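What follows draws every value from the coordinates through simple rules; no lab data is involved. Here the structure is a predicted model, which means the values were calculated and not measured. Positions of Cβ are generated from backbone atoms using ideal geometry, with glycine treated the same way; all protein chains shown enter the neighbour counts.
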């Protein structure tokens, strides 16, 4: 596992901005009220805040499910699912460095939108979370999430997004939704 390169301060600002935009557009797409939005049911972390089992080779991010419990409540009925979006800094940064036509901001926007679509699908039970990491998610589910990500982002006017769509073109070519 290569962990040498992590987001620097400037790149973390870009991550933060991409988080804000992706949350807004995914929320708008699913037409969720502020009460329905999953703000307290997921967290987004970069490599510096990940524990070893949350770091993986290959994917740009993964969603890991944890069971949470309200403080000072011991009853099982107080359990809830907490999803952690684990960004893989090295994979993201090395891909942007290798692919000259990819820019970090639109690439992050796509990745984060994609992961939030997973979180919404898991929490709305449109897809069961049975896997230990995203590498185990079925190919069919990945294709559906890529297609939804493309549909959500297509009307968004962000410089460099068309190059990101080109990068992911094989994932949203055939309709399976």
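Can you give the FRET efficiency for residue 81 and residue 142, using 1/(1 + (r/R0)^6), R0 = 22 Å, r = Cβ-Cβ distance, to the nearest 0.05? Mind showing how you got there, number by number?
Values: r = 20 Å, r/R0 = 0.92.
Working from the Cβ atoms, E equals 0.60.
Segment residue 166..residue 33, full-extension length gain: 44.6 nm, with 0.36 nm per residue of separation and the alpha-carbon distance subtracted.
What FRET efficiency do you get for residue 97 and residue 41 if R0 is 35 Å and r is their Cβ-Cβ distance, rounded to the nearest 0.05?
Numbers: r = 33 Å, r/R0 = 0.95.
Plugging the Cβ-Cβ distance into 1/(1 + (r/R0)^6) gives 0.55.
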